[in-house]
Every structure is written in structure tokens, then in C-alpha cells.
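Data block below; observations after.
The values are calculated or read from the model by the stated rules, or taken from the named source; none is laboratory data. From a predicted model like this one, the values you see are computed outputs, not experimental measurements. Glycine also receives a Cβ, built like all others from the backbone with ideal geometry; neighbour counts cover every protein chain displayed.
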Amino acid sequence: MKSSKKDFIAEAEELVEEAERLLIEIQETRTAGVNPDTINALFRAIHTVKGISGLFGFKDIADFSHAFESLLDDIRLGRAEVSEEVVRFLFSNNDVLKKVMEDIENGRDHDVSGHLQNIEAFRNAAKESGGSHKVEDILGQIDAAILKVLSEYEEHRLKTNIKEGKGIFLARAVFSLADFDKSLSELVSAIKSHGEQISTLPTSTDLPPDSIGFNILFGSGKSHEELKQALDLPVDELIKRKGEAAAVPSPSKMQESSIKSASTYVRVDIEKLDRILNTISELNLLRFATNRIAAEMMETFGHTPLVVDVFKISQSFERRISELKEQVLEIRMIPVGQIFSRLAQVIRRYSRETGKQIELTLYGEDTEIDKFLAEEIVDPLMHIVRNAIDHGIEAGEERKKAGKRETGAIILKAFQRGNHVVIEARDDGAGIDVERVKKKASEKGILIPEAELNNREILDFIFMPGFSTKAAVSEISGRGVGMDVVKEKLSSLGGFVDVETEKGKGTAFILTVPITLAILKALIVRIGAEKFAIPLTSLSESLLIDHKDVQTIEGKEVYNLRGEMLPIVSIASMFGLEGDVSERSYAVVVGYGERRLGLFVDELIGQHEVVIKSLGDYFKGLRGFAGAAEIGRHEVILVIDVESVIEESLSRQRAMRHV
């Protein structure tokens, strides 16, 4: 992808995500009264998308954004009402923007002409059914000179305030030319805390030297006396309020969260950081070489001044390399809260589509994870959340009959466990019917009906491609697509996914992923004549086992490790290698909980920091290996994919059990 295209995608994605957040806010506040600043912020976001797409030469997006912007302009000017149908149409067009940007990123063809026609037709229909507010003639109540200078939008906001029964006021203020901008900003903020600023009009009448005056037109549900006292300024009441109108939601908080302040942050392409890490990997090899040379010189020449100097330099070089590595890894880290905020938008949106009330609770948003990993696990988490909404959480009436609250609950929780980040997605829905899963697996022919499996093994079937227990297909789930993606993605990242469920109580999906894949500490092992790397993030301990202590139970080899039966697998036999023949072997214990496995290896060589490199498209289908790494004197070794080894072992055990 060209650099210009990457820059456009990065900028436009942020704007479209901001637009979706604003749309959710509009949807949530529509019945109580949408904050006009929210509509304006949405209009500005789409307007900016139009501007940058034209700048980068993407005419289709520029044309579509222009049409989308025109519809939003109709809404902000009161030509169209903010109805549920309008909000749904805005959401669908924001999705179109996402899809077109995805097509551009992947080099696919796209055509927006049909969408442009849809927007134009919808605009015409919305204006006919909605239209501007019909209020009494205001010419006799407000000075014609003021009305004459109001823009169309300001006139619309004036009419809206009158329709809502608010009073219309004119505040007069005089400031010194030296600092009027700061004073005016403070006054506008004060006015917005009591109502809605409609227009700010400069005036030059009856002013002292070196001064500037302003007339600020605003609407408020407060009384004339309250406003004069609060603002400590001359305030004229142009139109009296009708009864006790509800106070308009203060837009000041919205402004604080949406105005971009001067920041020291710089957006960096993750690929640039990857290249830096590749350089650090090369420097690590040089570090090992200098340490080796220093040690050899010391053995040969003793502690001469030159040798000691070389040794000190090698030690200093090692420290600086470690510092550089830590700093680069720190740059790559982001809080999990960034993922959770995106999932929150998905949950709110799908809860409305399904008509289910859902309460979201977040824990551990400050837990940090590598940016690459964060982006990779977003889709798996979205599939889990969608399944929780559609499959798990029951409809309101059904929940009441079961003695539950009508509002369902989804809890997203993140925390660090050693070199891993654990993310839990938990719901209080109906849970997974294990017997139904077993029955469905039998119907599909992937399980022998008389086979005896525990609940953990049965639940593994939900991660198989095309597996779904739902009878009806919906827009949210039920096609059997999603949970297999979760399993496959977690496995490719060297992570795990576990399921905890209780019928009628709820389900929890627990994702365990490494904090980073950029630079990993790995245990280098030897099997026969070959060396392999096992990531320490997957390793819990290592031990030396006598072969006579290994037992065979139900066709699988196990070792009694502190009272628990640990399954044992020989890496040599799994990969078809010729290992050492001896009475004792080293066992490396990998995995967590029930998914623990002991891997027999011939020798433990030591720990190394490695940068995992992809095996490329040619070896894409090769199972059992996560990639390759370079160690020592530019020696290339394979990195074992622990998750796929565990899966292979479990599938072999099941096959032997059914023979």
C-alpha cells in the first residue's frame, strides 16, 4: 500500500469511528432532545472526510461524503427531523463509508453511485415529512437588525429554542482589545452552562477607546433575574419563556471531550516499529558476538587493560540494547480500554437492533497490550460479544420468567498474568446447552453418539467451522461463522481461549494472549540434531523425567506431577524426528489449567530473546510452527506453536479413545 493511501486510511478511520460514536450519542438522546453540538460535530467529521478524500484523490469517497454531509446539513438546519428512521439511515451510510475504505485498503473495486441516489431520495422524503419548525412570527419580538444578520442555522436554533418554550436573551459585554479573545471565550462558556448560545454579534456602539463589544444571543430555561445574577452582565429578555422549560443539556462537557488539544503524540505506522525491532534483532546477534569475543579474549590473554576495556564495552552495549528494546516495546503498548470502547459501541448498536436491554461493565481498561495484538483480537472479541447478545442473553420477558433482571449484563475484564494478558467476556444469559452441542455434533457426523467426552471437550465443538446450534440465521449471528475465527486467530497469536458456562446462569469466554509478539524470550531446546525455540510465555516449568515413571492411561502417556496427571508428548515423534535414546528426558510443561502438556525434548540449551519472523506464504499451511528466529552465529531455528501442538495432541487422544 502506498504511503499516501496509508495516511488517508489512518486519518479517515479515526473520523469514521468518531462519527459512529456521535451517532450512538444521537440515538441515545433522541427522545430527550439531541444536543445540537453533537449534530455539528458529526457534520464536521464527515466534512473533514470529504476534504481529505479530495486531497488524496479518492473522488468516490469525496462524492459520497458530500452527499452524506448534505443530509446532515438538512438535519442541523431543521429541514429534517431526527427520527429513528433517520438515525438508522445515518448508521447505514456510515457503514458504507467503512466498507468503501476497506475496499480501497484491499485494492478492491467499489461503486457509490447507488448510495448517492439513495441519499438524495431519502433527503427529499425526510424534508417533506419533517421540515423546519413551524413557530409564531418572531419579527415583532426580536429586533429586525438582529434577525437580518443571523445565518440560516442560527435562525433555526432560535426558532427551536422558542418552540421548546425557552426564553430568548441578549447579553451585552465590553472587553479590552488586549485580551478580548480569552474573556469572550470565558463568557461563552458561562452562557453555555445556563443555556444555548445562538449567535455572537460584534458591536461598535458607545464603546470606550481600545475596547470591543459583543451582543450574545442565547436561549435558556432560567429566569431573567437568575441569568443577570449568574453572568453579572446587562442581560435583556427578548422573548419570555413559556412556563418552566427543562434545562437544555449542557454542551460544555461534550466540547471538552471532542476538541483536540495541542498534544505531544505522534502517529507511527506499526510497520516502522517492526523494522526497528528487526534492527534490534540484528544488534542482539552482534551483542552475543561481542560477549563471546570478550570472553574468548579473557580466556586467551587474561585480564589485560585492552581485554578489560573490550569486556566493559560489551557489557555497556548489552545494557543499551536492552534499554532500546524496552523503549520500543513501550511505544507499541496501548491500553485495552481502546478496544473496550469500540466494543461498547458494538454492544449498544446490536442491543438496539435486537430490542434487548444490556448493561455493560468494564474492568481493567488500563491494562496494556501490544498494538498489533490489540488490533488482531478485536474481531474475535466482537464475534464473542455478538454471540452473547444474540445467543446468550434472553429477551426481557424470558429473563423475567427465569427470575432475572430484565436488563442483561455483559462484563469485559482485562488483567495481566505473567507475560500474558487475560481478557474475559462474560454474560448472564442462558448459558450454553452442552447436551444440545453434543447432539448437533452427532448430527453433523463429527462425533460418535456413544463417545464419552467431558464438558470441556464437548464445548470445543463450538469452535469448529460452520458449527452453530441456532436454528434461525440473523444479521448478528447464526451462520456458524465467528467462533472458529476466534480459535484460529488466538492460536495464530500463541494464545488460548477457554469457555466457562452454566445453563441458565451465563457464559464466559476467557482469552489469554501474550503481551507482545515483537520480541519474545524463548527456551532453546534440542531434539536429535535439530534446535527449536519454545516461547517462555507458554511455558510454566521444566523437569527431568525417568521414562519408567511415565504411565499409559486410555491410550495416552501421562506423568504424575504433584498429584495431577500431566499428558506427555514426544516432540520427536510428533514431527517425525530421530531423538536421543536414553532412560531420562527433559519435559517442558506448556499451556494453562486443563490444557497443560509436557513436551519431551533431549536437551535444554538456554534462554534467548528472539524476534519471530514469518515463514512466508510457501509454508502458510504448515502446522506446529509459529515462525522462525535467528540465534547465535546467524543460526535459523523454528519456533514451536504451542497452541497447535496442544490441539494436535488432544485430537490424537480423542481419535485413540474412539478406536
Inset, instruction - Please state which one of Pro535, Pro514 is in contact with a Ser or Thr (Cβ under 7 Å, 6 or more places away or on another chain) and within 30 Å of Met333 (Cα to Cα). - result: Pro514
Legend entry - Residues located in region 503-544, provided they are β-branched (Val, Ile, Thr), crowded, with 18+ Cβ neighbours inside 10 Å and assigned to a strand (DSSP E or B): Thr507, Thr512, Val513, Ile524, Val525, Ile527, Ile534
Inset, instruction - For Asp63, state whether it is charged (D, E, K, R) and in contact with a helix residue (DSSP H, G or I) (Cβ under 7 Å, 6 or more places away or on another chain). - result: yes
Inset, instruction - Kindly establish whether Ile52 is among the β-branched types (Val, Ile, Thr) and either assigned to a loop (DSSP other than H, G, I, E, B) or buried (at least 19 other Cβ atoms within 10 Å of the Cβ) (or both). - result: no
Inset, instruction - Within region 56-65, track down each residue that is touching a residue at least 40 places away in the same chain (Cβ under 8 Å) and in a helix (DSSP H, G or I). - result: Asp60, Ile61, Asp63, Phe64
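Does Val590 satisfy being at pLDDT below 85, under 37 Å from the mean Cα position of the chain (by Cα) and surrounded by 19 or more Cβ atoms within 10 Å (Cβ to Cβ)?
Numbers: at pLDDT below 85: no; under 37 Å from the mean Cα position of the chain (by Cα): yes; surrounded by 19 or more Cβ atoms within 10 Å (Cβ to Cβ): yes.
Against the criterion (at pLDDT below 85, under 37 Å from the mean Cα position of the chain (by Cα) and surrounded by 19 or more Cβ atoms within 10 Å (Cβ to Cβ)), Val590 does not qualify.
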Inset, instruction - Take region 425-443 and flag every residue that is surrounded by fewer than 19 Cβ atoms within 10 Å (Cβ to Cβ) and not in a helix (DSSP H, G or I). - result: Gly431, Asp433
Inset, instruction - Tell me which residues, restricted to region 328-341, are crowded, with 16+ Cβ neighbours inside 10 Å and of a type in the set (D, E, K, R). - result: Arg332
Inset, instruction - Looking for whichever is within 23 Å of Glu154 (Cβ to Cβ) and of a type in the set (D, E, K, R) here; the options are Asp74, Asp63. Which one fits? - result: Asp74
Legend entry - Positions within region 391-405 being surrounded by fewer than 20 Cβ atoms within 10 Å (Cβ to Cβ) and either among the aliphatic types (A, V, I, L, M) or under 19 Å from Glu502 (Cα atoms) (or both), in sequence order: Glu394, Ala395, Glu398, Lys400, Lys401, Ala402, Gly403, Arg405
Inset, instruction - Scan region 185-200 and report the pairs whose first residue is more than 17 Å from Gln229 (Cβ to Cβ) and whose second residue is assigned to a helix (DSSP H, G or I) and among the hydrophobic types (A, V, I, L, M, F, W, C), with Cβ atoms within less than 9 Å and a gap of 6+ or a chain change. - result: Gln197/Val188; Gln197/Ile191; Ile198/Leu158; Ser199/Ile146; Ser199/Val149; Ser199/Leu158; Thr200/Leu184; Thr200/Val188
Inset, instruction - Note down all Cβ pairs under 8 Å where the first residue falls in region 632-659 and is under 21 Å from Glu457 (Cβ atoms), the second is modelled with pLDDT under 70 and surrounded by 15 or more Cβ atoms within 10 Å (Cβ to Cβ), and they're at least six residues apart or on different chains. - result: none
Legend entry - Options Val378, Val385; residue that is without any contact (Cβ under 8 Å) to a residue 40 or more places away in the chain and within 15 Å of Val346 (Cβ to Cβ): Val378
Inset, instruction - Would you check if Arg562 is over 30 Å from Glu376 (Cα atoms), in contact (Cβ under 8 Å) with a residue 12 or more places away in the chain and of a type in the set (Lys, Arg)? - result: no
Inset, instruction - Considering every residue within region 82-101, establish whether at least one is among the aromatic types (Phe, Trp, Tyr), over 17 Å from Leu15 (Cα atoms) and surrounded by fewer than 21 Cβ atoms within 10 Å (Cβ to Cβ). - result: yes
